[in-house]
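Step one of this worksheet: look at the structure below.
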Amino acid sequence: MEQRLDDISICENEKAVGKAAAKMIAQQIQQKPDSVLLLPTGRTPLDMYAYLVEMVNAGQVDLSRIATFNLDEFYGLPQDHPGTFRSYMQRVFFSQVQVPAERVHFLDSNAADPAAECDGYEQKIRERGGIDLAILGIGVNGHIGFNEPGSAFDSRTRLVPIREETRAANAFLFNDHLDKVPTHALTTGIGTILDAKKILLLATGRSKANAIHEMIHGDINPELPASALRMHSHVTVLLDSFAAPESQETGNRLVPQPGGD
Ligand code: F6R
């Protein structure tokens, strides 16, 4: 069992985090054109998707053979509601690139039988040969996907309640109307994430610094879900300097800055 994360890079700013992440994804796809990706939503990966679109348009990466699964989805909304992660992904990524629709997978925010939906999602991931690269953000409380504190490290895709602080963090998708943010979500589990061959975690901004510190230095404990990543042998962490206030202490290296390579 791994106990420490040793591939941690501090980027100068959040754009540099996005660019480094897009490059990692492109490399993964260049090495394995039919890569299976687990994709995040939220504010953190917006630059990553924008750079990836640029790389696709520049002919540097071909997405025609990849398959994607989204990490999680709100539960109890029509699929085409602007607040769903399906809608987010269409807006920021899939409307701008060509990925065959049959290779793009989402959890159904409107599933009549959520348990069957979640089991079916795990089945589809298995049928695609498993996740090659899981890309994650991290919540202020250390969550990954919608695996809130207390989630079992062997948890699989399931229906979960969303904590109030996480609902508040997602209100921006609902015109800042907290009452409109769903109370439940479907999420891939920590076990599902740990089954990925490689994991890339991104964090930007001061609000993430405590969760990142605990992930790196704290106990490996379900109360800090991201600490589970220390049990995985291929994790890369990309931070901006705000999310990594203790960069000197951890002795991390810098990654190339935008335009600097
Ligand atoms: C989103 C997801 C969440 C976010 C996390 C950070 O698909 O799984 O775990 O990655 O809440 O969100 P942002 O990036 O908005 O700070």
Computed over the chain, protein heavy atoms only, probe 1.4 angstrom, the accessible area per residue in square angstrom equals 44
For residue 15, list the lysines whose Cα falls under 29 Å from its own Cα; do not include residues on the same chain fewer than 8 positions away.
-> 23, 32, 197, 198, 208
Can you give the % of DSSP beta bridges in segment 11-160 that are antiparallel, to the nearest 5?
-> 10
So, with a 1.4 angstrom probe, what is the percent of accessible area on the chain that is carbon and sulfur?
-> 49
Cα gyration tensor of segment 153-219, axes a ≥ b ≥ c as square roots of the eigenvalues: rounded (a/c below 1.5), prolate (a/b > b/c) or oblate?
-> oblate
Can you list the equivalent-ellipsoid semi-axes of the chain, largest first and in whole Å, using the square root of 5 times each Cα gyration tensor eigenvalue?
-> 25, 22, 18
With a 1.4 Å probe and all protein chains in place, put 104, 36 in order of accessible area, largest first.
-> 104, 36
Over the chain, what is the percentage of antiparallel beta bridges among all DSSP beta bridges, to the nearest 5?
-> 30
Assigning unit charges at the beta carbon (Lys, Arg +1; Asp, Glu -1) and nothing else, what dipole magnitude in debye, to the nearest 20, does the chain show about its Cα centre?
-> 460
Within a Gaussian network of the chain (alpha carbon springs, distance under 10 Å), most fluctuating of 42, 59, 137 = 59
Which value in Å does the Kirkwood hydrodynamic radius of segment 1-147 take, with 1/r averaged over all unlike C-alpha pairs and then inverted?
-> 16.3
Just name one of 57, 68, 89: the one whose Cα is farthest towards the positive end of the charge dipole of segment 43-124 (beta-carbon charges, Lys/Arg +1, Asp/Glu -1).
-> 57
Furthest towards positive pole of dipole, 146, 100, 5, structure part the chain, Cβ charges | 100
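The values are calculated or read from the model by the stated rules, or taken from the named source; none is laboratory data. Only a predicted model underlies this, so the values are computations on that prediction, with no experimental measurement involved. Positions of Cβ are backbone-derived with ideal geometry, glycine not excepted, and every protein chain shown enters the neighbour counts. Heavy atoms of the whole protein, side chains included, go into the accessibility calculation; ligands, DNA and RNA do not. Shrake-Rupley method; radii C 1.70, N 1.55, O 1.52, S 1.80 Å.
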